[in-house]
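The values are calculated or read from the model by the stated rules, or taken from the named source; none is laboratory data. All values derive from a computational prediction rather than experimental measurement. All Cβ positions, glycine included, derive from the backbone under ideal geometry; neighbour counts span all protein chains shown.
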Amino acid sequence: MKKFVNNMKMLIHYPSFLIIIMFCFSCKNDSKHKVLIEKISTVENGLPSPYFNCYIYLKTDNGKILEANVDSIYEIYKSYYNQKYNNFNSYLISIINGRDLVKEDYINDVKKKGAYLLNVNDVDKDISEMNLDEIERKYLNFEKQAFILVTGNLTATKTRNILYKMFFEGYIISFNDYGGYYFIKKYNDDNFK
């Protein structure tokens with residue numbers, strides 16, 4: 001009987017324990033991107049963001065991966081979410097941490113309004129199951145405290161999936177038009193001075 005009572009006590013506390021674990025994981029992701037979000041959300045008065053070349057990787061409402069720049073996401077916010085969220089910063093927090101998903105219909109509507117960087121790709125199961133060390137060894141070149149992803153032999157889907165994982169782990173990503181590669185660097189406050 002005593003064992004049964006102890007098991008029941010454990011079951012009662014189990015959901016509370018799960019909630020605490022989930023909250024801690026959520027807080028970790030929030031804090032990982034907090035300063036980055038504060039910096040890139042500086043779009044004001046319709047002017048382009050000073051960080052327009054910082055790429056963002058998000059999940060869409062149909063389970064795909066979106067590659068976008070800050071200005072494109074701001075257009076989606078301005079057109080569809082400015083009533084729901086107090087400001088662009090709170091919208092970015094919500095979509096980067098996965099509490100809200102970007103609707104593909106909205107992406108397509110904003111694309112029709114102009115030439116915005118909005119690329120949508122399917123999820124690559126092989127990449128999504130890899131850990132960061134495997135991705136670094138197999139796909140990335142390390143140079144001068146940053147990674148380089150050369151996309152010559154990769155499909156767009158593989159490329160965007162690799163970049164999504166790196167972004168989610170706290171890396172900032174930019175594209176070098178001249179060299180034709182992605183520059184991937186671990187985020188720190190000095191990146192946005």
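Just one residue in the set Gly114, Gly152, Gly98, Gly180 is modelled with pLDDT under 90, of a type in the set (Gly, Ala, Ser) and touching a Ser or Thr at 6+ places or on another chain (Cβ under 8 Å); that residue is Gly180. Screening Leu163 with (1) of a type in the set (A, V, I, L, M); (2) under 18 Å from Gly98 (Cα atoms); (3) in contact with a helix residue (DSSP H, G or I) (Cβ under 9 Å, 6 or more places away or on another chain) gives one miss only, at (3). What are the residue pairs meeting all of these: first residue in segment 146-170, first residue touching a residue at least 24 places away in the same chain (Cβ under 8 Å), second residue in a helix (DSSP H, G or I) and polar (S, T, N, Q), Cβ atoms under 6 Å, and 6 or more apart or on different chains? The qualifying pairs are Thr151/Thr159.
Can you name every residue in segment 106-124 that is in contact (Cβ under 8 Å) with a residue 40 or more places away in the chain and under 16 Å from Lys59 (Cβ atoms)?
Filtering segment 106-124 for residues in contact (Cβ under 8 Å) with a residue 40 or more places away in the chain gives 107, 116-123.
Selection gives Ile107, Leu118, Asn119, Val120, Asn121, Asp122, Val123.
Going residue by residue through segment 110-122, is there one that turns out to be over 27 Å from Lys34 (Cα atoms) and in contact with a Leu (Cβ under 8 Å, 6 or more places away or on another chain)? Within segment 110-122, one or more residues are over 27 Å from Lys34 (Cα atoms) and in contact with a Leu (Cβ under 8 Å, 6 or more places away or on another chain). Here Glu136 clears all of (1) on the phi < 0 side of the Ramachandran plot; (2) surrounded by fewer than 16 Cβ atoms within 10 Å (Cβ to Cβ); (3) free of Cβ contacts under 8 Å to residues at least 12 places away in the same chain; (4) not small (Gly, Ala, Ser) except the condition numbered (2).
Residues in segment 139-174 that are surrounded by fewer than 19 Cβ atoms within 10 Å (Cβ to Cβ) and aromatic (Phe, Trp, Tyr): Phe142, Phe168.
Tell me, please, whether a residue that is within 13 Å of Ser72 (Cβ to Cβ), crowded, with 18+ Cβ neighbours inside 10 Å and within 15 Å of the chain's Cα centre (by Cα) can be found in segment 103-116. There is no residue in segment 103-116 that is within 13 Å of Ser72 (Cβ to Cβ), crowded, with 18+ Cβ neighbours inside 10 Å and within 15 Å of the chain's Cα centre (by Cα).
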